[in-house]
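All remarks here apply to the structure that follows.
The values are calculated or read from the model by the stated rules, or taken from the named source; none is laboratory data. None of the values given here were measured: they were computed from a predicted structure. Here Cβ is always computed from backbone atoms with ideal geometry, including for glycine, and neighbour counts include all displayed protein chains. Each accessible area value is taken on the protein alone, full model and side chains, heavy atoms only, with ligands, DNA and RNA left out. Shrake-Rupley method; radii C 1.70, N 1.55, O 1.52, S 1.80 Å.
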Amino acid sequence: MLRIIYIVTILVSLTNCNNSSNRPLAVTDTLKAIEPEKKIVGKYEGNPKTVSSICIFDNPDTSLSNIKLRDVKSATTILEVTKLNGDTTYHFYSKDKKEILGVTVHPGDYYSQISIFQVKYADKSNQGTISKIDNFKTEKGIRLGLTKNEVVKRLGNCYSVSDSTKSFIINYRLEDPNDSKTKLLERQNMPIYYATYKFKGDKLI
């Protein structure tokens, strides 16, 4: 299964028909499960070419707002939930409701073992629980509003680029046997890690 930290303007992940008896319990009773989408995972689970054939991405972000990738305790503590079901994406607003975080647990993983983070600016169509987090930021300081240069400065030049008329996307990818430095894939029993960042007007959205 793919594991990613994902900061974009669109939603991702897998599909599930939720049974109300399996919905998670939360400290706040407004936690809502939103069915995730397949199309983004399918789009980026391929093998995009990086800027150099010998370039190896070895500087991955592994946490967001102190929620560690695939770490149950940090997820339940920071998000103040008792359980997040698998094959589901849950949404949490920042304290000021200007940003929204989507977290996904893959089917077959432990409850609340988050494998996908997605951050975007909130709009009227979003639904979620208001968290105590001021703004969503990774351990390397990546947050909405940064420029491409600021993101690349933190993560390095080993990325691929996807362009469109109104925006562009940079993609980082790490897979065996290239993970000799961080050992992230081995520690987390992951075949692949990838991170995708979407920009509009040179600002991360």
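Just a few scattered comments:
- Shape call, the range 95-203: gyration tensor on alpha carbons, a/c limit 1.5: oblate
- Its Cα centre serving as origin, the range 112-205 has a Cβ charge dipole (Lys and Arg +1, Asp and Glu -1) of approximately 340 debye.
- Extension gain, LYS203-ASN178: 0.36 nm per intervening residue step, less the Cα-Cα distance, totals 6.0 nm.
- The calculated FRET efficiency for SER164 paired with LYS140, based on their beta-carbon distance and R0 = 30 Å, is about 0.70.
- Accessible area in square angstrom per residue, the range 116-205, 1.4 angstrom probe: 52
- Listed cross-link partners LYS120/LYS198; LYS153/LYS203; LYS120/LYS200; LYS148/LYS181; LYS95/LYS148 are compared with a 18 Å cut-off, the Cα-Cα value being larger for LYS148/LYS181; LYS95/LYS148.
- DSSP bridge orientation in the range 58-205 - percent antiparallel, rounded to nearest 5: 95
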